[in-house]
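Data block below; observations after.
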Amino acid sequence: MGARPAAHGDAHQQCETCRPGTRSRHPSSGCSGSCSASNVTAGIGILEKASPIFQDFSRDSTPAETLAAAAGGFVAILSLANALGRLGWSSLSDVLGRKNMYRIYLGVGALPYLAIMVAGNDCAILILSFYGAGSATIPAYLRDLFGTYQFGAIHGRLLTARSTAGVLGPVIVNAIADAQKAAGVTGPALYTLSFSIMIGLLLVGFVCNELIRPVNEKYHEPTTTDRAADPSPTAGAQS
């Protein structure tokens, strides 16, 4: 999904041929990695601890004999939201543009965390749909920025940041919840600090997304047409 070039003036389909080394040197490299990692950390932090979160939020409103089963159903719904987000939101990026969609994933995505702390855990469904959508949209976003030349290597480098974020999210939520529980805190209050950190990470990712800029033409690799027009030995040299 999200494989076609972004429409509506996304202004990032600039580089058709950039090497992985170019991506590493370009400022948009760190920004794209940071906004993607923020999306992953916020999403997987909820998904990994979804069942305990549901039980802590719903213990007073759900009969004890059905609480565990209800938590299992909640986890299944979150998994479905993850899958549907990959299909729905990422497809919308073909219309609205990748950068605009990441504005939604990160900026709007911070609001459900606030809503969870105020109104309960139903808003986690939206968070997981944004998490799945971010994973599905980022390859097309990278393609718009850096082109298709050696794209596998370029995407592989970003996956390193996403993998680190996938570990960081559960560590943050679990460590803080355990510390709060040891301090005698119970119920939804166990997660207030964790969710506040997630909101902060999403806002950092939002700022990084705003800082992403097109790759300067001096970093572009010569295309086949360029090489045919200039047969000199230096025509294909890397910048």
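Each reported figure results from applying straightforward, stated rules to the coordinates on display, with no laboratory input. These numbers come from a predicted model, not from an experiment. Note that we place each Cβ from the backbone using ideal geometry, even for glycine, and neighbour counts take in every protein chain shown.
Taking the number of other C-beta atoms within 10 Å as the exposure measure, put D178, D94, D60, D144 in order starting with the fewest.
Placing the least packed residue first, the sequence is D60, D178, D94, D144.
Can you give me the C-alpha center-to-center distance between the range 71-97 and the range 28-61, rounded to a whole angstrom?
Rounded to whole Å, the Cα centres lie 14 Å apart.
Can you pull the Kirkwood radius for the range 97-183, inverse mean 1/r over Cα pairs, to one decimal in Å?
By the Kirkwood definition, the hydrodynamic radius is 15.0 Å.
Just to be sure I understand the model, the point goes 7 Å from the Cα along the line to the Cβ. What's the resulting A119 to I77 distance in nm?
If labels sit at A119 and I77, their model points lie 1.3 nm apart.
Output the Kirkwood hydrodynamic radius of the range 30-213, Cα pairs only, in Å rounded to one decimal.
Hydrodynamic radius (Kirkwood, Cα only) of the range 30-213 equals 16.7 Å.
Under 5 Å between amide H atoms, partner at least 5 residues away or on a different chain: which partners does G147 have, H built in plane at 1.01 Å?
It is C15, by chain and number.
Suppose a student asked you for the relative contact order of the range 30-213, using Cα pairs under 8 Å spaced at least 6 residues apart; what percent would you report? Display every interim value, and only then the final one.
Working: 244 pairs, mean separation 79.0, N = 184.
Once divided by the residue count of the range 30-213, the mean separation gives 43 percent.
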